[in-house]
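The values are calculated or read from the model by the stated rules, or taken from the named source; none is laboratory data. Quick caveat, the model's predicted, so the values are computed rather than measured. Glycine also receives a Cβ, built like all others from the backbone with ideal geometry; neighbour counts cover every protein chain displayed.
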Amino acid sequence: MKTNTIAAVVLSIAMIFVAPAFADKKVLWADIPAAVQKTITENVGGGKIEEIEKETETIGGKRTPIYEVDVRKTDGSKIEIKVGEDGKLIAIDKD
């Protein structure tokens, strides 16, 4: 029983340090590569960018950094634009 308690405490402490490494990271427009900015601009469609985050997703079995952009369209609807670090459009999702 004592071993289970120690393991639980160690695991809890480890999660405090590991979780931020996998969390989404908000980024500023100026910190985004030019190719990514170009793709976002081409796909925002007159909407307003509300938030940009950089995260890592598994695509094709490979860990890939991507930018997720939350956009509010002029009609009030929302979309999310996903762009690879190389500027390649990955997806446009409607919220």
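Counting the residues of segment 40-95 that are touching a residue at least 40 places away in the same chain (Cβ under 8 Å), under 17 Å from ALA30 (Cβ atoms), assigned to a loop (DSSP other than H, G, I, E, B) and not small (Gly, Ala, Ser) gives 1.
Residues of segment 56-72 being of a type in the set (Asp, Glu) and modelled with pLDDT under 95, which ones?
Residue satisfying the conditions is GLU57 alone.
Go over the candidates LYS48, LYS25 one by one and state the one that is at pLDDT 95 or above and either among the charged types (D, E, K, R) or closer than 14 Å to ASP86 by Cβ (or both).
On the way: LYS25 fails: at pLDDT 95 or above.
Step by step, each of LYS48, LYS25 is checked, and only LYS48 is at pLDDT 95 or above and either among the charged types (D, E, K, R) or closer than 14 Å to ASP86 by Cβ (or both).
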